[in-house]
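The structure appears right after this line, and notes come after that.
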Amino acid sequence: MAVYFDERTSQNEERGARRGHRLWWWVAATVVCTVALPVASSGQGASAAPQRAAAVCTGATYTVVSGDGWYLIANKTGVGVSALLAANGATIATPLFPGMRLCLPASSPSTSAPATTTPVSTTPPATVTISQFPVQGTCYFTDTFGAPRSGGRSHEGVDIIAKSGQYIYAATDGTLTKQYIDAAGSLAGNGWRLTRPDGTYFFYAHLSGFQPGVGKGTVVKPGDVIGYVGSTGNASIAHLHFEIHPRGGAAVNPYPAVKAISGC
Ligand SMILES: [Zn+2]
């Protein structure tokens, strides 16, 4: 009996303690919501504090991933560990769980995405210049890079409108590394890939034909004729579609490069 009685006493005390704890959090949460202070407490209920604090973040947040620790997150997000702890009402002993959202200090340089999404490569795309305008004049072009195209695509080049049969030139020193031959359903139609030693390549599309004697592997100089303006592939009027891919990467807007030496 004595044991039973002791257990009940113990359970009642526990319930009372839990009730008290819940009440404390209710008060704390009310205060937080009313005055919008990110720091709900200092010390008490430390393990729950980060989640609670994240709910009232007014700035950037960080979502904890597996393997994170306070110092690692501070390092990733470029903030001081003490500022990070303060912003979340936490201590260095406060445990972290994957999926937990943390407030980043207001002074944090990261305002939206967590640092884990920062691209590994910070090298900006090269500014590519060309030494020969790729089409014989008379011609016409505007900046349509990024304009919507069929099939959810966006325009990745510049369209230089000219009469069918006008010369198409190598815009730079390099090698013709790929030849596109027009076929049913082809987007490019007849075309070339002209590649520089650094991997930068230029894509030519919609040619009516190729210059005789020029093929894959031909080394060219600026101004060499490599084909003729046409409307093969996905083209409604005769024009050259011209793309620039710095170091073999994603296309960049070629308009500044062609505008700089416009031969139209
Ligand atoms: Zn185009």
Q: Take peptides 148-155, 235-242, 181-188 and line them up by average Cβ neighbours within 10 Å, highest first, as a rough protection proxy.
A: 235-242, 181-188, 148-155
Q. Between segment 199-224 and segment 131-166, what's the alpha-carbon centroid distance in Å?
A. 16 Å
Q: Determine, from the Cβ-Cβ distance of residue 177 and residue 129 and an R0 of 25 Å, the FRET efficiency 1/(1 + (r/R0)^6), rounded to the nearest 0.05.
A: 0.80
(Q) Give me a comma-separated list of calculated 3J(HN,Hα) values for segment 198-205, in order, Karplus coefficients 6.51, -1.76, 1.60 applied at θ = phi - 60°, integers in Hz, x for any Gly or Pro. (A) 7, x, 4, 10, 10, 10, 10, 9
Q.
List the lysines whose Cα sits under 23 Å from the Cα of residue 259, skipping any in the same chain fewer than 8 residues away.
A. 163, 221
(Q) What whole-number distance in Å separates the alpha-carbon centres of segment 69-110 and segment 243-263? (A) 42 Å
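Between residue 138 and residue 198, what is 0.36 nm times their sequence separation minus the Cα-Cα distance? Round to one decimal in nm.
Gain on extension, residue 138 to residue 198, equals 18.4 nm.
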Q: Grab the beta carbon distance between residue 83 and residue 63, set R0 = 22 Å, and tell me the FRET efficiency rounded to 0.05.
A: 0.75
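FYI, it's all coordinate maths here, none of it is from the lab. Quick caveat: nothing in here was measured; it's all calculated off a predicted structure. Positions of Cβ are generated from backbone atoms using ideal geometry, with glycine treated the same way; all protein chains shown enter the neighbour counts.
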